[in-house]
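Report on the structure given below.
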Amino acid sequence: MVEKCAKEISEKHLSFNKFALIPTFLDHIHFRMPQTVTFQFLVFFFYLLVTTEISVAQNSRITDENSIGWYALTGILTLDKKIGIQGEYHFRRDEIITKWQQGLFKIAMNYQLHPRLQFRLGYGLAETFPYGDIPINSFGKKFTEHRIFEAITINDNIGIAGLSNRFMLEQRWIGKYSNQRLKKEDGFTYVNRFRYMLRIQLPLNNTKMQDHTLYLAAYNEVMLGFGRNINENVFDQNRLGVMAGYNLNTNVKFEAGYLLQVAQLGREINGRNVFQYNKGLLVNALINLEFSKKSPARR
């Protein structure tokens with residue numbers, strides 16, 4: 001009897017030809033939480049806000065505060081139930097809208113290993129401008145960055161709320177100037193960066209994300225630099241966002257809210273670390289064009 005049960009369990013759990021252990025593992029990761037999800041959501045956001053504020057309030061640091069506006073458009077071309085192409089443009093402004101902070105373009109290939117597990121490989125091109133009282137570039141010049149990135153996103157549900165964990169590695173080539181007189185970068189510095197983002201999403205007028213759903217969302221992302229060219233900023237950035245959104249249907253959604261970005265510069269001034277403390281508006285739009293009738297749902 002025991003041998004028969006063991007055989008049935010084995011056949012059930014190893015019935016996948018590819019990535020057999022991944023679906024088995026993910027199918028058993030479920031969290032249990034009381035139905036007071038709204039309260040849990042508010043506690044989660046309060047915790048992120050307080051911990052981020054405390055991380056900045058250090059009297060040994062120089063703080064440069066700026067008002068920013070980040071506007072992003074994401075387009076996904078779903079080719080079949082596993083493969084998709086994703087393009088993004090991030091229009092990032094200083095003084096909410098009037099001046100440049102950064103322009104960032106990304107293109108990536110998505111592969112759905114499991115309905116709740118996605119792998120992404122892509123390329124990014126960024127142009128960062130001088131802004132604020134203490135520019136990122138020591139000469140006060142704009143600079144170009146090329147990056148390659150790999151990401152794994154794991155999605156799950158906590159009651160009616162959606163939970164997303166994203167782990168990302170970036171290989172970055174950051175433009176640099178050897179002297180003040182140059183008008184264009186004459187070299188690039190290579191650095192690595194690890195990113196982890198936790199996002200929670202709570203539908204308001206439905207019990208799940210479906211057509212015409214209003215929702216609240218909050219996320220926190222920490223970024224850590226590593227490699228021989230990292231100087232002061234092993235801690236690179238922390239980003240906290242809280243938003244209200246509208247899911248029109250499976251292909252279109254919009255969200256807008258508040259963003260707090262804490263970024264550490266890679267150099268000291270008068271022996272003190274420099275932190276940018278940027279807060280402002282966050283606006284996102286997502287468009288998904290599906291060529292597959294059975295594409296996994298995205299958050």
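Coordinate-derived values only; no laboratory data. These numbers come from a predicted model, not from an experiment. No Cβ is skipped: glycine too gets one built from the backbone with ideal geometry, and neighbour counts run over all protein chains shown.
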* Asked: Once the piece of chain linking L113 and Q210 is laid out straight, how much longer is it, given 0.36 nm per residue of separation minus the C-alpha distance between them?
  -> 32.6 nm
* Share of alpha-carbon pairs per 5 Å distance bin for the stretch 98-249, given as whole % -> 2, 8, 13, 17, 18, 15, 11, 8, 6, 3, 1, 0
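Would you please name the trypsin sites (Lys or Arg not before Pro) within the stretch 158-229 that are DSSP coil residues with at most 14 other C-beta atoms within 10 Å of their C-beta? Each step should come with its number before you reach the end.
On the way: sites: R166, R172, K176, R181, K183, K184, R193, R195, R199, K208, R228; in loops: R181, K183, K184, K208, R228.
Answer in residue order: R181, K183, K184, K208, R228.
Report the Rg/Rh value for the stretch 117-180, based on alpha-carbon coordinates and the Kirkwood definition of Rh.
Working: Rg = 17.4 Å, Rh = 14.5 Å.
For the stretch 117-180, the value is 1.20.
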* To do: With label points built 7 Å along Cα→Cβ from the Cα atoms of Y123 and Y89, find their separation and express it in nm.
  => 1.8 nm
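Report the FRET efficiency, 1/(1 + (r/R0)^6), for F254 and K82, where r is their Cβ-Cβ distance and R0 is 30 Å, rounded to 0.05. List each step's numbers first, then the result.
Details: r = 27 Å, r/R0 = 0.89.
The formula returns an efficiency of 0.65 here.
Mind sorting L224, L216 by how few other Cβ atoms lie within 10 Å of their own Cβ, fewest first?
By the 10 Å Cβ count, ascending, the order reads L224, L216.
At a Förster radius of 22 Å, what calculated FRET efficiency corresponds to the Cβ-Cβ distance of S138 and L224, to the nearest 0.05? Intermediate values should be presented prior to the final figure.
Details: r = 22 Å, r/R0 = 1.00.
The calculated FRET efficiency here is 0.50.
Got a sec? How would S60, S164 order by Cβ neighbour count within 10 Å, fewest to most? Don't jump to the answer; show the numbers that get you there.
Values: S60 7, S164 19.
Ranked by crowding around the Cβ, least crowded first: S60, S164.
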